[in-house]
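Only one structure is covered here, and it is reproduced in the block below.
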Amino acid sequence: MFKVEDIRKDFPILSRKVNGKPLVYFDNAATSQTPQQVIDVIVDYYSNYNANIHRGVHTLSQEATDLYEQARQKIQRHFNAKFSHEIILTSGTTHGINLVANGFSSLLKKGDEIIVSALEHHSNIVPWQMLCERTGASLKVIPMTQEGELEMAIYDTLLSKNTKLVFVNHISNALGTINPIETIIDKAHKVGAAVLIDGAQSCAHLKPDVQKLNVDFYVASAHKMCGPTGVGVLYGKEEWLKKLPPYQGGGEMIAEVTFEKTTYADLPHKFEAGTPNICGGIAFGAAIDYMNSIGFDAIASYENELLAYGTKQLLTIDGLKIYGTSEHKTSVISFNLDSIHPYDVGSILDKLGIAVRTGHHCAQPIMDYYKIPGTVRASFSFYNTKAEIDSLVEGVKKAKMMLS
Ligand code: PMP
C-alpha cells in the first residue's frame, strides 16, 4: 500500500528548512533525493568494507568486490539484461553516451548518418556532433511539435540505408514527454541502424526491459533514481560491446600488457579502466532495491496523480503557460509566467523554500523552438505531495504579484 507520509520518513532531507520554510523539493529531474536505506549502505561501506576491488587477495578487497559485483547483478536484473557483463558501470549517463560515441569513431565514415531528436539533452547532442567531426558522418534531427512530441512521420523520411545510429531520450528532461521508443527502435533496426536510448529521466519513473525493447544501448544515472551522483550504467548488447573498442586505457581493462602489445580484458572490464566509484556502484544497487520495494507501478500511478493535480492547479493562474502538453508525459511541468524571466520566478520560489529548476535545462534547441530563454521546471517525485503543489501554486501567485 503506497503511503506517501511513510515514504517521506525515509528521506531525512525532506524535513529540513530552507530560508526558514519547510523544503519543497521539486527539482527531481535534475537529481533525486536519497533515502536513509541508501545513506546507510554508503556509511556501512566506508565503515566496514572500503578497499580496492578485483585485485586484492585480502578479505576486505574480496568483500568489496563481491558487493560491487552483486550490485552489477541487481542492475542487470532491474533492466532485464541477458548477461551481467552487458552492464558497464560508468560515472553517469554522459559518460555512457561518450563511451559509445567514441567507440563508433572507428566504425563510421563519410556519408554515414546519425539521427538524434529535437528533444535531446545537450549530453545527447554534443558527443554526436563531435563524432561527426571526427568521422565525416552527418547529423539529422527528428523535429518536434508544439505539444513537445516527435514528428514521427518525418523520422520515417530521415531513415535510410545510410543511417548507422539513432539516439533518442526515453523521456525529455525539459518537457517530460515520453517518446515512442519502441517504434523508433523497430524502424531503425529495419534499416540496419543501432539505437542508443538515453534513460536518464525514465529510470526514475519506469522499469525499462532492455531485452523486450530490443535496444542496442541504454544509459542511465543512479542519482536520478535515489542513488548517489558519479555513478551510472551503460547497458550494451553483448555483440555491440564486443565490437566497440575500449574507451579509456588503464588498469582493470587489460588482459596482458607489454610494450609491444596490450590485450584487453573481457567484458565488462574492457570498458571499466581505473578504480571505479566502488561505494557508488554498491549504493546504486541499494537505490534500485529501494525503488523496487516501493514498486514502479505504484510510483507511476501516484506521480500521474501529482502531474494531473499540478497541471490543473497551475493553469488556474492567469498568464501561466505550460510547455510540453503531450498526453504521454511524466511528472514534469515546464512553464512560464507572462513575460517574466524564469530566473526571477525561481528566485522568489527559493525564498519560500521551494526548489525548482530555471533555465534551458541543457536543452537549448527546445527553448529555441519555443523562442523562449528558458522555463521554470517543477518535477515531481513519488515522495512529493499535493500539499507541496499547493505551496508551489501559492508561491507562483506571489511571484506574479511581485514581478508584474
Ligand atoms: N540526458 C538527460 C535526458 C538528462 O536529463 C540528463 C541529466 N540532466 C543527462 C542526460 C545527463 O545525465 P548526467 O549528468 O547524470 O550524466
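In table form, for the structure just shown:
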read-out	value
Theoretical ellipticity at 222 nm over the chain - DSSP helices of four or more residues, -39500 (n - 2.57) apiece, nearest 500	-11500 deg cm²/dmol
Equivalent ellipsoid, the chain (semi-axes from 5 times Cα gyration tensor eigenvalues, Å)	36, 29, 17
Order of Trp128, Trp240 under a 10 Å beta carbon neighbour criterion, fewest first	Trp240, Trp128
Lys/Arg +1, Asp/Glu -1 at C-beta; segment 74-127 dipole; positive extreme among Ile87, Val100, Pro127	Ile87
20 Å Cα-Cα reach of Lys212 towards aspartates and glutamates, excluding residues that sit fewer than 8 places from it in its own chain	Glu86, Glu182, Asp186, Asp198, Glu238, Glu239, Asp297
Long-range HN-HN contacts of Gly251 with modeled amide H, under 5 Å	Gly274
Candidates per trypsin sites (Lys or Arg not before Pro) in segment 252-345, loop by DSSP, up to 13 other Cβ within 10 Å	Lys261
Segment 277-404: equivalent-ellipsoid semi-axes (sqrt of 5 x gyration tensor eigenvalues, Cα, Å)	28, 17, 15
Helix runs (DSSP H) in the chain reaching 18 Å along axis by Cα, Kyte-Doolittle at least -0.5	278-294, 296-314, 386-403
Selected from Gly192, Pro228, Ile142, residue furthest toward positive end of dipole (segment 39-292; charges at beta carbon)	Gly192
Electrostatic dipole magnitude of the chain [Cβ: Lys, Arg +1; Asp, Glu -1; Cα centre; debye, to 20]	480
Cleavage-rule hits (trypsin sites (Lys or Arg not before Pro)) in segment 16-68: DSSP loop, at most 13 neighbouring Cβ within 10 angstrom	Arg16, Arg55
Order of Leu99, Leu244, Leu139 under a 10 Å beta carbon neighbour criterion, fewest first	Leu139, Leu244, Leu99
DSSP beta bridges in the chain [antiparallel fraction, %, rounded to 5]	60
Loop-located GluC sites (Glu not before Pro) in segment 215-300, at most 14 other Cβ atoms within 10 Å (DSSP)	Glu260
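Computed from the coordinates by the stated procedures, all read-outs in this text should not be read as laboratory data. Fair warning: this is a prediction, and the values are worked out from it, not measured in the lab. Because the Cβ atoms are built from the backbone with ideal geometry, glycine has one as well, and the counts that use them run over all protein chains shown.
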